[in-house]
1. If residue 90 satisfies all but one of (1) on the phi > 0 side of the Ramachandran plot; (2) in contact with a strand residue (DSSP E or B) (Cβ under 7 Å, 6 or more places away or on another chain), what's the number of the condition it fails?
2. Name the pairs whose Cβ atoms lie under 6 Å apart, with the first residue in the range 196-211 and more than 13 Å from residue 166 (Cα to Cα) and part of a loop (DSSP other than H, G, I, E, B), the second open to solvent by 30 Å² or more (accessible area, probe 1.4 Å) and more than 6 Å from the ligand (Cβ to nearest atom), and 6 or more positions between them or separate chains?
3. Report every pair of residues separated by at least 6 positions or lying on different chains whose Cβ atoms are under 9 Å apart, first residue within the range 1-18 and on the phi < 0 side of the Ramachandran plot, second of a type in the set (A, V, I, L, M) and open to solvent by 50 Å² or more (accessible area, probe 1.4 Å).
4. Just a yes or no: is a residue in the range 231-250 within 11 Å of the ligand (Cβ to nearest atom) and over 19 Å from residue 265 (Cβ atoms)?
5. Within the range 2-20, which residues are open to solvent by 20 Å² or more (accessible area, probe 1.4 Å) and outside any loop (DSSP other than H, G, I, E, B)?
6. Of all residues being more than 29 Å from residue 136 (Cβ to Cβ) and more than 8 Å from the ligand (Cβ to nearest atom) in the range 196-208, which is least open to solvent (accessible area, probe 1.4 Å)? Just the residue, please.
7. Can residue 11 be described as within 16 Å of the ligand (Cβ to nearest atom), more than 28 Å from residue 144 (Cβ to Cβ) and not acidic (Asp, Glu)?
8. Can you find a residue in the range 81-104 that is more than 30 Å from residue 47 (Cα to Cα), under 27 Å from the mean Cα position of the chain (by Cα) and away from the ligand (no atom under 16 Å from the Cβ)?
Amino acid sequence: EPLERLCVHESIDEKVPIDSFIDALNDLPVPVEVIGDDDPELDETDAVASYRPREWFPDAGWVHCLRAGYDEFDTDAYESTGTPLTNSTGIHGTTVGELVASYMLMFARRMHVYRDQQNQRQWYDPPYEQPFTVAGETVCVVGLGTIGRGVAEYADGMGMDVIGVRRSDEDVRHVSTIYSPADLDEAIDEARFVVAAVPKTPETEGMFSTAEFEQMRDDAYLINVARGPVVDQHALVDALEDDVIAGAGLDVFETEPLPESSPLWDFEEVIISPHEGSTTNRYHHDLAELVEEIFDQYQSGNPLRNRVA
Ligand code: NDP
């Protein structure tokens, strides 16, 4: 059955102004309607685009998750109804790549400390041994999909040696050595920066914990732009307190928003960004373009890009 309308669930408003997103869908050949939680009447002629999952979405003909990480969506439910579920991977290489580049540059060039000092109107001399350059340092990118490749491209451009971890072993541009997840210890051993860019799956949950922090250099920084649970947050706090690693750049957390009581707020060598890695003022265009592309594929009976269930 062809799709007759696209229902945009109001949860997208968490990331993108819903009106901008709908305006950007101007090439879609069917009406677009906003849906909330009070009107869940869907059938196979409906498409749904949503930031958050709802149990009644699998009644639709096609459901699109407006995020790359679809870990909150119950893929089994889609497989049992046969409703295709697609995600939004493929569009975050630049945004999250730049975020990771900024963490690395901030730590190396001490920008986070200078800004803290600026807030006190302080002209400040850092200890001589602290500033360094990212050029010549090694970054280990764990997860070499859209985001990992974006990170690798920026890091290579900044003169870094880029190594990485993924399950499959094909070459990846800008990455000099690829390790399998079984050799994670070896991969992170010599890196100055370790970047988590994997999806949250049963295999990646708790991937970075006490043993990995001990394996890392004591002047290494962990950067997590994946999902909070990929890092054992208690173990991370312990490792930071005991100077097992130097610091962390964190965009994602076990609980979001990060509670005010979290000890992570207090470390000078922790930079916290509020899960805004993907955000840009043109994100609505990127998402809309992807939705329109997959919509066309569905209508013409072709395989769907980014199908995950
Ligand atoms: P992709 O699907 O493009 O890439 C995921 C990569 O992870 C693949 O290269 C895959 O390669 C690899 N991978 C999967 N499992 C493992 C494993 N066990 N060990 C090592 N590598 C693994 O996704 P994106 O790059 O678009 O996004 C990645 C994740 O980042 C998302 O799932 C989401 O959780 C998070 N994200 C965060 C954002 C933010 O704002 N901070 C924004 C967007 C996404 P292979 O199959 O070879 O293992």
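The values are calculated or read from the model by the stated rules, or taken from the named source; none is laboratory data. Since the model is a prediction, treat every value here as computed from it, not as a measurement. We place every Cβ from the backbone using ideal geometry, glycine too, and count neighbours over all the protein chains shown. Protein only, heavy atoms only, side chains kept; ligands, DNA and RNA dropped before computing areas. Shrake-Rupley method; radii C 1.70, N 1.55, O 1.52, S 1.80 Å.
1. Looking at each condition in turn, residue 90 falls short on (2).
2. Within 6 Å, the pairs are 200/71; 200/229; 205/229; 206/232; 209/232.
3. 7/34; 8/34; 9/34; 10/34; 18/34
4. No, that holds for no residue.
5. Keep residues of the range 2-20 that are open to solvent by 20 Å² or more (accessible area, probe 1.4 Å), which gives 2, 4-5, 10, 13-15, 17-20.
Within the range 2-20, 5, 10, 13, 14, 18, 19, 20 meet the criteria.
6. Residues of the range 196-208 that are more than 29 Å from residue 136 (Cβ to Cβ), as a first pass: 199-206.
When the remaining residues are screened for being more than 8 Å from the ligand (Cβ to nearest atom), the result is 202, 205-206.
Numbers: 202: 113, 205: 100, 206: 36 Å².
Filtering first and then ranking leaves 206.
7. Working: within 16 Å of the ligand (Cβ to nearest atom): yes; more than 28 Å from residue 144 (Cβ to Cβ): yes; not acidic (Asp, Glu): yes.
Spelling it out, residue 11 is indeed within 16 Å of the ligand (Cβ to nearest atom), more than 28 Å from residue 144 (Cβ to Cβ) and not acidic (Asp, Glu).
8. Scanning the range 81-104 turns up no residue that is more than 30 Å from residue 47 (Cα to Cα), under 27 Å from the mean Cα position of the chain (by Cα) and away from the ligand (no atom under 16 Å from the Cβ).
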